[in-house]
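Okay, structure first, notes after.
The values are calculated or read from the model by the stated rules, or taken from the named source; none is laboratory data. It should be emphasised that the depicted structure is a prediction, and the values quoted were computed from it without experimental measurement. Counting neighbours? That spans all protein chains shown, and the Cβs are built from the backbone with ideal geometry, glycine included.
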Amino acid sequence: MVTIAILIGSESDRHIADRTAKVLDNAGINYELQVISAHRNPQELEEYILRSDAAVFIAIAGLSAALPGVIASRTRKPVIGVPVSSKLGGLDALLSIVQMPKGVPVACVGIDNGENAAYLALRIIGKN
């Protein structure tokens, strides 16, 4: 069983995921890191979400930052979005994550702040 799932849309976001994973490692929480793009691999993403037993999803995404919203639209579990600075200093990703429609909530942490996503996930599962 995986407690927390960390998803990135591409390898270019791995440096943020590694910092997220380090916090979870230090807390002794099991997690899984997957590279699945909401745009390039929508079917694979859908299948992963449906079969995952994770209690919380952390989705790290830049540019249009669709990944957190797509995950939230497919599960009732908590989703934490981490906007990544690429274009526009990450403001485009930040706005994409925080402006989700009613009924499809995504928690959002600061740009490139994967550590806070991990800390929030730990609080959600009652480990912090």
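Are any residues in the range 15-33 touching a Leu at 6+ places or on another chain (Cβ under 9 Å), under 20 Å from Val84 (Cα atoms) and surrounded by fewer than 15 Cβ atoms within 10 Å (Cβ to Cβ), and if so, which ones?
The one that is touching a Leu at 6+ places or on another chain (Cβ under 9 Å), under 20 Å from Val84 (Cα atoms) and surrounded by fewer than 15 Cβ atoms within 10 Å (Cβ to Cβ): Asp18.
Just to be sure before I move on: is Leu50 more than 28 Å from Leu91 (Cβ to Cβ) and either among the basic types (Lys, Arg) or at pLDDT 95 or above (or both) in the structure I sent? I'd like the intermediate steps shown before the answer.
Values: more than 28 Å from Leu91 (Cβ to Cβ): yes; either among the basic types (Lys, Arg) or at pLDDT 95 or above (or both): yes.
So Leu50 passes the test.
Of all residues in the range 74-106, which are surrounded by fewer than 20 Cβ atoms within 10 Å (Cβ to Cβ) and either in a strand (DSSP E or B) or hydroxyl-bearing (Ser, Thr, Tyr) (or both)?
Within the range 74-106, Thr75, Ser85, Ser86, Leu88 qualify.
Any idea which of Ile71, Ile60 is closer than 12 Å to Cys108 by Cβ, of a type in the set (Val, Ile, Thr), touching a residue at least 40 places away in the same chain (Cβ under 8 Å) and buried (at least 16 other Cβ atoms within 10 Å of the Cβ)?
Values: Ile71 fails: closer than 12 Å to Cys108 by Cβ.
Matching residue, one of Ile71, Ile60: Ile60.
Out of (1) part of a loop (DSSP other than H, G, I, E, B); (2) within 12 Å of the chain's Cα centre (by Cα), what's the single condition that is false for Asn116?
Condition not satisfied by Asn116: (1).
Run Leu88 past the list (1) under 15 Å from Ala59 (Cβ atoms); (2) free of Cβ contacts under 8 Å to residues at least 12 places away in the same chain and report the number of the one that doesn't hold.
Among (1) under 15 Å from Ala59 (Cβ atoms); (2) free of Cβ contacts under 8 Å to residues at least 12 places away in the same chain, Leu88 violates only (1).
Give the residues of the range 1-34 that are farther than 14 Å from Ala118 by Cα and small (Gly, Ala, Ser), sorted by residue number.
Gly9, Ser10, Ser12, listed by residue number.
All but one of (1) in a helix (DSSP H, G or I); (2) closer than 20 Å to Met1 by Cα; (3) free of Cβ contacts under 8 Å to residues at least 40 places away in the same chain hold for Glu32, so report the exception by its number.
(1)
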